[in-house]
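Participant: Below is a structure I'd like to ask you about.
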Amino acid sequence: MTAAPELQTPHGDFGARRKAFGGLGQWWGVLAGFLLIAAWVNSAAGPAVVIVLSALTAAWCFFQAPVTCGAPVRGCEDGCRNNASGLLLGCHIRQHRWQKLRLLIFRRQFREFCAGLFSDGKATIVTLAGVGSFVSGLVALVPGVVVR
């Protein structure tokens, strides 16, 4: 079967598929993070809003933020350099997804997983945003912790 001529490139392959919002759909977590900061600054926002925004930002950091894979690979000290989605998931290679989760679960490999969280600038920023949003949600859950 051949595809419609308007979908094919001059070489006959399909090329990149269109992404929603021109590729900005993967960055919705950054917007949630900015809204979380605004909710903390504006004291009119209640704890429910802060908790929801904290959960959204943490979920984006752990499962959808664009970072490098970093799964252990033979012959490469840095690990896999493919693009991954989130800190807890690996790249498109199925074994790498399980390798990163295995690093998190097994005690002996937990240090290697934590070292990968700060491997480059992008991973460091996503890690700090995820930890900050998690702490933000915990602080919003416990009443009286924040001094006003």
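The values are calculated or read from the model by the stated rules, or taken from the named source; none is laboratory data. No experiment lies behind these values; they were computed from the predicted model shown. Cβ placement follows ideal geometry from the backbone for every residue including glycine, while neighbour counts extend to all protein chains displayed.
Participant: Just to verify a result, which residue in the range 9-48, among those that are of a type in the set (G, A, S), modelled with pLDDT of 65 or more and not in a helix (DSSP H, G or I), is surrounded by the most Cβ atoms within 10 Å (Cβ to Cβ)?
Facilitator: Among residues in the range 9-48 that are of a type in the set (G, A, S), modelled with pLDDT of 65 or more and not in a helix (DSSP H, G or I), the one surrounded by the most Cβ atoms within 10 Å (Cβ to Cβ) is A45.
Participant: Which of the numbered conditions does P47 fail, given that it passes all the others? Conditions: (1) in contact with a strand residue (DSSP E or B) (Cβ under 9 Å, 6 or more places away or on another chain); (2) closer than 20 Å to G132 by Cβ.
Facilitator: Among (1) in contact with a strand residue (DSSP E or B) (Cβ under 9 Å, 6 or more places away or on another chain); (2) closer than 20 Å to G132 by Cβ, the lone unmet condition for P47 is (1).
Participant: Answer yes if at least one residue in the range 63-70 is more than 30 Å from A38 (Cβ to Cβ) and outside any strand (DSSP E or B), and no otherwise.
Facilitator: Yes, the range 63-70 has at least one match.
Participant: Any residue in the range 79-98 that's of a type in the set (D, E, K, R): show its pairings with residues that are not in a loop (DSSP other than H, G, I, E, B) at Cβ separation under 9 Å, as long as the two are six or more apart or on different chains.
Facilitator: Short answer, once both residue conditions are applied: R81/T68; R81/V73; R97/A84.
Participant: Return the residue satisfying two criteria in turn: it lies in the range 99-148 and is free of Cβ contacts under 8 Å to residues at least 24 places away in the same chain and assigned to a loop (DSSP other than H, G, I, E, B), and of such residues it is farthest from P47 (Cα to Cα).
Facilitator: F106
Participant: Collect the residues in the range 69-82 that are at negative phi, in contact with a strand residue (DSSP E or B) (Cβ under 6 Å, 6 or more places away or on another chain) and surrounded by 15 or more Cβ atoms within 10 Å (Cβ to Cβ), keeping them in residue-number order.
Facilitator: Hits for the range 69-82 are C69, C80.
Participant: Give me the residue from the range 97-111 that is of a type in the set (D, E, K, R) and surrounded by 15 or more Cβ atoms within 10 Å (Cβ to Cβ) and, out of that set, farthest from S85 (Cα to Cα).
Facilitator: Here the residue is K100.
Participant: Here's a follow-up. Being among the hydroxyl-bearing types (S, T, Y) and modelled with pLDDT of 90 or more is the filter here, so list the residues in the range 49-71 that pass it.
Facilitator: Matches in the range 49-71: S54, T57.
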